[in-house]
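Novice: Following this message is one structure expressed as structure tokens.
The values are calculated or read from the model by the stated rules, or taken from the named source; none is laboratory data. Note that the structure is a prediction, hence the values are computed from the model and not measured. Heads up, the Cβs are rebuilt from the backbone with ideal geometry, glycines too, and the neighbour counts pull from every protein chain shown.
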Amino acid sequence: MKAVSVQTSSKEYPVLIGEKIIHELPLFLHNEFPQLTKLMIISDENIGRLYLQDLLEVLSDFESSHIIVPNGENAKTFEVYHECLTFALKQQLDRKSLVLAFGGGAVGDLSGFVAATYMRGIPFIQIPTTILAHDSAVGGKVAINHELGKNMVGAFYQPEAVFYDLEYLRSLPEREKRSGFAEVIKHALIHDLSFYEELKEKVKTIEDLQAQLIQPYLARGIEIKANIVGEDEKETGKRAFLNFGHTLGHAVEAEMGYGGWSHGEAIIVGMRYAIQLSKKYNNLAFNDEEFTNWLISLGYQTEIPAEIPAEKLLQRMKQDKKTIGSSITFVLLEAIGNPILMKIADEELMAELERFVKNG
């Protein structure tokens, strides 16, 4: 088992990583919540079918109820959010109750927002089941989507703990592994050159991402994020670096329809574009061809989908949460491990988008 401590201005909590770690959850609940009344488990269709019964058996000492929500970003709607609140009220959850987010990043985002707003806030625990959720389950950003932008309605609300059982990763399809690994790559690029070089050397195909190999990479990514979040919980400065690749990535994801492209697939394209901007504005020394070839060998799409007009992407980026006024702020690199924030004019972004599309 690997334990990473996340310490923010509002809370300190553990991230426990390992195989069969979920069996430690009952003891944690007994110790940390001796007055616990009820558990509400929020899970999605896929995870519910595969693992919910096992979790219920682990939690047999507790009074619990569960609700199944749609898979992926389809869970992060106002309608599903309202459905979860209604379920909690009907189950008579009180302020001594606790929410368990059991699934991928979307379930974690939804569940955390439900917990943050039910009775003005009740505790919740993240039980991530995907590689991607190693990023979203840590740091306390919880939200649902609006039709005009991803994660536009949400809160900063830290979990009580994260139980990251690697057994759940065994059933992940390749696409989900690929999506999650994109965030691992992001953590390396914004923080640690040696970590980036190790990933390129050790991960040659997506099949290499077995539980034993990926555990230290997930732990390293969580440590990087925990350090950043500890310094800047509410994203007033340094935490924005975690959005590397996300400004264009979220725009691509939205234009393709949430679920059309996975989050990680879109972020890969966003990182490539941010690297292009970094080379232009910061003279970043980076072998983009080597990087792209590595991504292709892992099965990533590395180009903006041809059917999306650049004008649409620019408009989406202007709706991004990081945009202030009419200026679009990008996370760029001065070097691997040295990110900065930079405002870039619309006409320059358009010119670079057109060059990015042309060059592939």
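Novice: For segment 1-38, give me each residue that is under 24 Å from the mean Cα position of the chain (by Cα) and under 18 Å from Gly121 (Cα atoms).
Specialist: Thr8, Ser9, Ser10, Lys11, Glu12, Tyr13
Novice: A follow-up question, please. Within segment 74-95, is even one residue part of a strand (DSSP E or B) and either buried (at least 17 other Cβ atoms within 10 Å of the Cβ) or outside the structural domain of Tyr217 (by TED's automatic domain parsing) (or both)?
Specialist: No - not one qualifying residue is present in segment 74-95.
Novice: Could you tell me whether segment 189-196 includes any residue that is of a type outside the set (Asp, Glu), at pLDDT 95 or above and assigned by TED's automatic domain parsing to the domain that holds Val6?
Specialist: no
Novice: Tell me yes or no: at least one residue of segment 88-111 is among the hydroxyl-bearing types (Ser, Thr, Tyr) and at pLDDT 95 or above.
Specialist: Kept after step one, since they are among the hydroxyl-bearing types (Ser, Thr, Tyr), are these residues of segment 88-111: 97, 111.
Right, trim to at pLDDT 95 or above and you get 97, 111.
Checked against the condition, which is being among the hydroxyl-bearing types (Ser, Thr, Tyr) and at pLDDT 95 or above, segment 88-111 yields at least one hit.
Novice: Taking into account only those residues within segment 39-65 that are of a type in the set (Asp, Glu) and under 19 Å from Ser171 (Cα atoms), which is farthest from the chain's Cα centre (by Cα)? Give the derivation first.
Specialist: Initial filter on segment 39-65 (of a type in the set (Asp, Glu)): 44-45, 54, 57, 61, 63.
Now restrict to residues that are under 19 Å from Ser171 (Cα atoms): 44-45, 54.
Working: Asp44: 16, Glu45: 19, Asp54: 25 Å.
Going through the qualifying residues, I end up with Asp54.
Novice: Right, another one. Report yes if some residue within segment 251-265 is crowded, with 19+ Cβ neighbours inside 10 Å and either free of Cβ contacts under 8 Å to residues at least 40 places away in the same chain or over 23 Å from the mean Cα position of the chain (by Cα) (or both); otherwise report no.
Specialist: no
Novice: Can you find a residue that is hydroxyl-bearing (Ser, Thr, Tyr) and over 16 Å from Tyr13 (Cα atoms) anywhere in segment 82-98?
Specialist: From segment 82-98, those hydroxyl-bearing (Ser, Thr, Tyr) are 86, 97; that's our starting set.
Among the residues that remain, those that are also over 16 Å from Tyr13 (Cα atoms) are: 86, 97.
Taking every residue of segment 82-98 in turn, at least one turns out to be hydroxyl-bearing (Ser, Thr, Tyr) and over 16 Å from Tyr13 (Cα atoms).
Novice: Mind listing just one residue for me: the one in segment 250-288 that is at pLDDT below 95, in a helix (DSSP H, G or I) and not hydrophobic (A, V, I, L, M, F, W, C) and, of those, farthest from Pro309 (Cα to Cα)?
Specialist: Among those residues, the one meeting the criterion is Asp288.
Novice: Something else now. For Thr129, indicate whether it is at pLDDT 95 or above, farther than 17 Å from Val15 by Cα and of a type in the set (Val, Ile, Thr).
Specialist: Details: at pLDDT 95 or above: yes; farther than 17 Å from Val15 by Cα: no; of a type in the set (Val, Ile, Thr): yes.
So Thr129 does not fit the description; no.
Novice: Shifting gears a bit: Tell me, please, whether a residue that is of a type outside the set (A, V, I, L, M), more than 22 Å from Asn227 (Cβ to Cβ) and exposed (fewer than 15 other Cβ atoms within 10 Å of the Cβ) can be found in segment 150-171.
Specialist: yes
Novice: Residues in segment 28-42: is at least one polar (S, T, N, Q) and either closer than 30 Å to Asn227 by Cβ or in contact with a Cys (Cβ under 9 Å, 6 or more places away or on another chain) (or both)?
Specialist: Initial filter on segment 28-42 (polar (S, T, N, Q)): 31, 35, 37.
Subset that is either closer than 30 Å to Asn227 by Cβ or in contact with a Cys (Cβ under 9 Å, 6 or more places away or on another chain) (or both): 31.
Checking segment 28-42: at least one residue is polar (S, T, N, Q) and either closer than 30 Å to Asn227 by Cβ or in contact with a Cys (Cβ under 9 Å, 6 or more places away or on another chain) (or both).
Novice: Residue by residue through segment 35-67, note down the ones that are among the hydroxyl-bearing types (Ser, Thr, Tyr) and assigned to a helix (DSSP H, G or I).
Specialist: Within segment 35-67, just Tyr51 meets the criteria.
Novice: Return yes when Leu284 is at negative phi, surrounded by 21 or more Cβ atoms within 10 Å (Cβ to Cβ) and of a type in the set (A, V, I, L, M, F, W, C) and no when it is not.
Specialist: Numbers: at negative phi: yes; surrounded by 21 or more Cβ atoms within 10 Å (Cβ to Cβ): no; of a type in the set (A, V, I, L, M, F, W, C): yes.
No; evaluated as a whole, the condition is false for this residue.
Novice: Which residue is surrounded by the fewest Cβ atoms within 10 Å (Cβ to Cβ), if the candidates are limited to segment 180-218 and must be charged (D, E, K, R) and under 26 Å from Gly72 (Cβ atoms)? Break it down stepwise before answering.
Specialist: Pass one, segment 180-218, residues charged (D, E, K, R): 183, 186, 192, 197-198, 200-202, 204, 207-208.
From what's left, under 26 Å from Gly72 (Cβ atoms): 183, 186, 207-208.
Values: Glu183: 26, Lys186: 28, Glu207: 11, Asp208: 13.
The extreme case among them is Glu207.
Novice: Give me the residue from segment 301-360 that is part of a helix (DSSP H, G or I) and among the small types (Gly, Ala, Ser) and, out of that set, surrounded by the fewest Cβ atoms within 10 Å (Cβ to Cβ). Let's see the steps before the verdict.
Specialist: As a first pass, look at segment 301-360 and keep what is part of a helix (DSSP H, G or I): 310-318, 346-359.
Now narrow it down to the ones that are among the small types (Gly, Ala, Ser): 310, 351.
Details: Ala310: 16, Ala351: 13.
Per the stated criteria, the residue is Ala351.
Novice: Can you tell which of Val114, Val107, Val138, Val142 is crowded, with 21+ Cβ neighbours inside 10 Å, within 12 Å of the chain's Cα centre (by Cα), in a helix (DSSP H, G or I) and β-branched (Val, Ile, Thr)?
Specialist: Details: Val114 fails: within 12 Å of the chain's Cα centre (by Cα); Val138 fails: in a helix (DSSP H, G or I); Val142 fails: in a helix (DSSP H, G or I).
It is Val107.
Novice: Okay, next question. When the residues of segment 48-73 are filtered to those that are charged (D, E, K, R) and closer than 20 Å to Leu110 by Cβ, which remaining residue is surrounded by the fewest Cβ atoms within 10 Å (Cβ to Cβ)?
Specialist: This residue is Arg49.
Novice: Go through segment 1-34 and report how many residues are within 14 Å of Leu166 (Cα to Cα), in a helix (DSSP H, G or I) and in contact (Cβ under 8 Å) with a residue 60 or more places away in the chain.
Specialist: 3
Novice: Return the only residue of Gly221, Gly230, Gly260 being of a type in the set (Gly, Ala, Ser), under 21 Å from Gly72 (Cα atoms) and not assigned by TED's automatic domain parsing to the domain that holds Gly149.
Specialist: Details: Gly221 fails: under 21 Å from Gly72 (Cα atoms); Gly230 fails: under 21 Å from Gly72 (Cα atoms).
Selected residue: Gly260, the only one of Gly221, Gly230, Gly260 that is of a type in the set (Gly, Ala, Ser), under 21 Å from Gly72 (Cα atoms) and not assigned by TED's automatic domain parsing to the domain that holds Gly149.
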